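For reference, the structure discussed in these notes is given below.
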Amino acid sequence: MPKAFITGITGQDGSYLAEFLLDQGYEIIGLVRRSSTVNFERIGAIQDRITLVSGDLLDQTSLTQILEQYRPDEVYNLAAQSFVPTSWQQPVFTGEVTALGVTRLLDSIRTIDSGIRFYQASSSEMFGKVREVPQKETTPFYPRSPYGVAKVYGHWITVNYRESYGLHATSGILFNHESPRRGLEFVTRKVTDGVARIKLGLQDRLVMGNLDSRRDWGYAKDYVRAMWMMLQQDEASDYVIATGETHSVEELCRVAFEHADLDWKAHVVQDQRFMRPAEVDLLVGDASKAGQILGWEPKYTFQQLIEMMVDADMKRLQKEIKNNE
Ligand code: NDP
Ligand code: GDR
């Protein structure tokens, strides 16, 4: 039975990846941080089928001990301080986790078993102020936030350990991907949750930031499949994963509100507090390398994704209201 170690298993992608790998017959070891209250909401349904181990990307000893004890075949590094606005408030912490955390894990792999295959969760935020459209593996990076800068470090240290030590280390450059499990502060989920609340009479306004920025939004379930496909290749390489379509935040609002028969203009207001010191205006990816080499392609369209998320938030909130009656 192949064994995978997943950091960030309690997050959106970690939970979907764990489910996907269980279906492929993997044994799963997941890294969780110690906290005073347990939040295993996303992995609740599979908790009895996986092994959770305590550790932190800030703590090298914990990583080394886990690798030593469990000897995984594959390591997926999905853990990060992943919210872009927080990276301006906590730039050093973001660097410690999102950048140096990658080196800690890679170096533990190098010393314990250099045959372990490694996946690094790189990001389209590395392209930032884009140098070409669409963005592909060879597009130069120009990050626009401490988060983006940290991810550039994580990307290059992954490439460096591949080239220096011959590790099977892959950097997946994933464009934004969403789902009903997306954290509530990210824009898609904030909008779909907001639409459901407005529809159910729980709130009237949705306070947003920049409506003009454009993103290439895909479905998280499609994207975790790509992570696994990358590690099944004989040669490690880097791959862009994207839909090739770009939509503005305004379009996102329109599609989400229309799905609930609401007019977005009647409810959405803008506030400076959600604007960023430096913005990434336009992202759209070219995933043709992943198509050709991995045979990967996305299955969900933008409209399907957003409508599915609105429906899921409606259902969740209706249930909450009923339970509170
Ligand atoms: P989430 O924010 O949903 O999950 C982040 C995970 O990292 C959580 O499990 C969190 O644990 C864990 N974590 C944070 N800090 C530490 C730490 N110091 N030690 C151990 N674990 C830690 O992110 P996503 O699932 O959306 O993203 C997964 C990865 O992919 C991230 O690295 C993200 O930067 C990257 N990425 C995401 C994209 C997207 O669109 N979703 C696109 C491109 C890249 P806890 O539950 O305890 O907070
Ligand atoms: P992003 O995602 O920064 O692309 O990073 P997010 O959903 O936070 O923002 C996308 C765009 O929407 C604009 N926006 C708002 N964003 C938020 N969060 N809240 C708002 O109210 C709002 N109004 C407008 C933003 O300015 C931005 O342009 C995500 C994360 O998952 C990263 O970890 C990952 O690496 C990248 O996607 C790819």
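The values are calculated or read from the model by the stated rules, or taken from the named source; none is laboratory data. These numbers were taken from a predicted model, which means no experiment stands behind them. Positions of Cβ are generated from backbone atoms using ideal geometry, with glycine treated the same way; all protein chains shown enter the neighbour counts.
Key figures for this structure:
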{"quantity": "Count of region 84-133 residues which are over 18 Å from Asp56 (Cα atoms) and not in a helix (DSSP H, G or I)", "calculated": "14"}
{"quantity": "Count - residues of region 182-236 that are touching a Ser or Thr at 6+ places or on another chain (Cβ under 8 Å) and of a type in the set (Asp, Glu)", "calculated": "2"}
{"quantity": "Condition met for Arg182 (modelled with pLDDT of 95 or more and out of contact with any helix residue (DSSP H, G or I) (no Cβ under 6 Å at 6 or more places or on another chain))", "calculated": "no"}
{"quantity": "Selection from region 137-190 of residues that are of a type in the set (A, V, I, L, M), part of a helix (DSSP H, G or I) and away from ligand 1 (no atom under 15 Å from the Cβ)", "calculated": "Val159"}
{"quantity": "Count of residues meeting criterion [more than 20 Å from Met227 (Cα to Cα) and buried (at least 16 other Cβ atoms within 10 Å of the Cβ)] in region 284-325", "calculated": "10"}
{"quantity": "Residue pairs meeting the criteria (Cβ under 6 Å; at least 6 apart or on separate chains; first more than 17 Å from Thr103 (Cβ to Cβ), in region 61-78; second of a type outside the set (Gly, Ala, Ser))", "calculated": "Glu68/Ile112; Tyr70/Ile29; Pro72/Lys3; Pro72/Phe5; Asp73/Pro2; Asp73/Lys3; Glu74/Arg117; Glu74/Leu231"}
{"quantity": "Which numbered condition Tyr161 misses (of (1) under 22 Å from His259 (Cβ atoms); (2) buried (at least 20 other Cβ atoms within 10 Å of the Cβ))", "calculated": "(1)"}
{"quantity": "Pairs with Cβ under 6 Å, 6+ apart, first in region 238-265 and under 25 Å from Gly291 (Cβ atoms), second of a type in the set (A, V, I, L, M, F, W, C) and in a loop (DSSP other than H, G, I, E, B)", "calculated": "Val240/Ala287; Ile241/Ala287; Ala242/Phe175; Ala242/Ala287; Thr246/Val284"}
{"quantity": "Residue match in region 126-136 (condition: free of Cβ contacts under 8 Å to residues at least 40 places away in the same chain and either more than 10 Å from ligand 1 (Cβ to nearest atom) or closer than 17 Å to Asp216 by Cβ (or both))", "calculated": "yes"}
{"quantity": "Lone qualifier among Ile109, Ile173, Ile198 - being within 25 Å of Ser15 (Cβ to Cβ), more than 21 Å from the chain's Cα centre (by Cα) and hydrophobic (A, V, I, L, M, F, W, C)", "calculated": "Ile109"}
{"quantity": "Selected residue [surrounded by fewer than 16 Cβ atoms within 10 Å (Cβ to Cβ), acidic (Asp, Glu) and away from ligand 1 (no atom under 13 Å from the Cβ)] from Asp193, Asp204", "calculated": "Asp204"}
